[in-house]
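Any read-out appearing in this document is the output of simple, stated calculations on the displayed coordinates, not a laboratory observation. Since the structure is predicted, the reported quantities are computational estimates derived from the model, not experimental observations. When we count neighbours, we look across all protein chains shown, and the Cβ atoms used for this are built from the backbone with ideal geometry, even at glycine.
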């Protein structure tokens, strides 16, 4: 393990909200339930989990935006609660989506303003802004208003903003969400280049291939807890003894799903909506031939392509998230 | 370099950084707010409408000499509205746009991030004052003869800065409470009334006056009216400036407290 740059020890965060229309009662929602991990210097660590798993809450505690309910976290040795100012000087934060920019102004004005807020020395601001614009491929478009930018361009501008002050630690919260495939690939190349520059990166995503291709290590988070941690290869090992039957189907009912799960030898069943069709993934133990049995259970369902393949990180993730109690 | 010289250089760099943060931030937010045609339109139209109503009322009442008083009052009402909706609305808007979290996580002290925003919103209010004076001169033939032009030139920026600092106090609460901008609607009319922006405070019940002394718009109105219409504007200018300093101290304390509370209560973002 390299020198820990990010350390989270038993981090917990509870949100207090209210329930009831007329008689409001307080309701505590435990979003993060004792998360612990370390990220070494120059490492690209991924937090992988479904929506609402606690990824963003964890990252917000680490970047000093939220106070933990309990537990501790340090970035470069500085406590995120008591040394927030020192942490802020040393981190960059980039989140996904269209928000977080001053839309009515050109990208250049946005970057100049944040350069000032991030304490970039005036004499190097021009050079630094030019560098980050070049890095994200926005050179020549910087004088255009952000409101005219595509989603991918906005996202790249977010990355440029987060790197303005050359922070040693960068937090990326679902940076490629909603970006078209070409734009996302370019962004991933930019992210990969960050660790080559020696930066420590914490990335949250729910795109498996992104985590697989970028991360040195991954922590899988579900229902506010880390349920598995390791290299992408380690995690794939969770399902190394399995075979995946993939069925393209149209109109799979809940009853059909239940009957598939009941087949002896089936470890897990998941379904992904794809436009008009559904992609059914049935995980079974290696050596057990279940294709015909599965198709038999889909009686009355229109079936398209059927394939048997080796497990991927996504299958490992599905197995971890669905099979962990 | 000796230790003293090093400290002096460090202090100079810090002063320079604070100065740059304030000036660049003010310019940036002024530019952002100026891009909102709705905000500018409201800043100009609303005081012009109020000024017109006051002009007609004063003219019907045969009080021609008070027309400039009405124009200045309506302009100041515009500055106050701009501060109220600007400071509150801007924080809420930044929360919607997702930029509030970025401002909080920036290494710059939050007071130096928010202060230029408040000052920019009050500066936008100068549109209101200019519009009502222009309206009065062009459409109502009110001669713009200032009793003390130099003191008028001092009273206006002092009032604008002081109101901006009052906006900072309000903005700090808008950081903590997601729906605090609803407070803006409650505070607009009472402040117009009790600070003598259109009706002299002496017309109101006695208990209002001490309350009005705590509010910068009162002294701002007195200073601008005295500088324009005659009288001694120096004391009101001084009071306006002093209240500005008090607001700055209160605002910075509240901001530090509310920022921490907002991080605890998770109110910096919408979700």
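Give, in nm to one decimal, the length gained when the segment between residue A:10 and residue A:303 is fully stretched (0.36 nm per residue of separation minus the Cα-Cα distance).
Here the answer is 100.8 nm.
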First measure r as the distance between the Cβ atoms of residue A:206 and residue B:144, then evaluate 1/(1 + (r/R0)^6) with R0 = 51 Å and state the FRET efficiency to the nearest 0.05. 0.20
Placing each pseudo-label 7 Å from Cα in the direction of the beta carbon, residue A:240 and residue B:8 end up separated by a distance in nanometres of 6.9 nm
Just rank B:80, B:96, B:192, fewest to most, by other beta-carbon atoms within 10 angstrom. B:96, B:192, B:80
Cα-projected label distance for residue B:60 with residue A:124, points at 7 Å along beta-carbon direction, nm: 6.8 nm
Of region A:63-95, those with amide N under 13 Å from the point 7 Å along the Cα→Cβ vector of residue A:41 are A:76-77
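Among B:130, B:195, B:218, A:58, what is the fewest-to-most ranking by other Cβ atoms within 10 Å? Intermediate results must be reported in sequence, preceding the final value.
Numbers: B:130 16, B:195 26, B:218 23, A:58 30.
Arranged by neighbour count, lowest to highest, B:130, B:195, B:218, A:58 become B:130, B:218, B:195, A:58.
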Calculated FRET value between residue A:3 and residue A:196, using beta carbons and R₀ = 22 Å, to 0.05: 0.75
Using alpha carbons only, how many degrees (0 to 90, rounded to 10) separate the axis of helix B:110-124 from the longest principal axis of chain B? 20 degrees
Where in region A:190-214 does the label zone of residue A:272 land, with the point 7 angstrom along Cα→C-beta and an amide N cut-off under 13 Å? A:206-212
Which of B:117, B:187, B:45 fluctuates most in a GNM of chain B (C-alpha springs under 10 Å)? That residue is B:187
Cα centroid of region B:114-175 to Cα centroid of region A:81-157, whole Å: 32 Å
Can you put A:145, A:112, B:8 in order of Cβ neighbours within 10 angstrom, beginning with the fewest? B:8, A:145, A:112
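Go ahead and estimate [θ] at 222 nm for chain B from helices alone: -39,500 (n - 2.57) per DSSP H run with n ≥ 4, summed, over the residue count, rounded to 500.
Working: 11 runs with 216 residues, N = 271.
Helix-only estimate at 222 nm: -27500 deg cm²/dmol.
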Rounded to 0.05, the calculated FRET efficiency for the beta carbons of residue B:242 and residue B:96 at R₀ = 35 Å is 0.45
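To the nearest whole number, what is the average tally of beta carbon atoms from other chains within 10 Å of the beta carbons of peptide B:259-266? Don't skip to the answer; put the middle values down first.
Numbers: counts 1, 3, 1, 3, 9, 6, 4, 10.
So the per-residue partner count for this stretch is 5.
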Structure-based [θ]222 nm, chain A - -39500 (n - 2.57) summed over DSSP H runs of at least 4, per residue, nearest 500: -9500 deg cm²/dmol
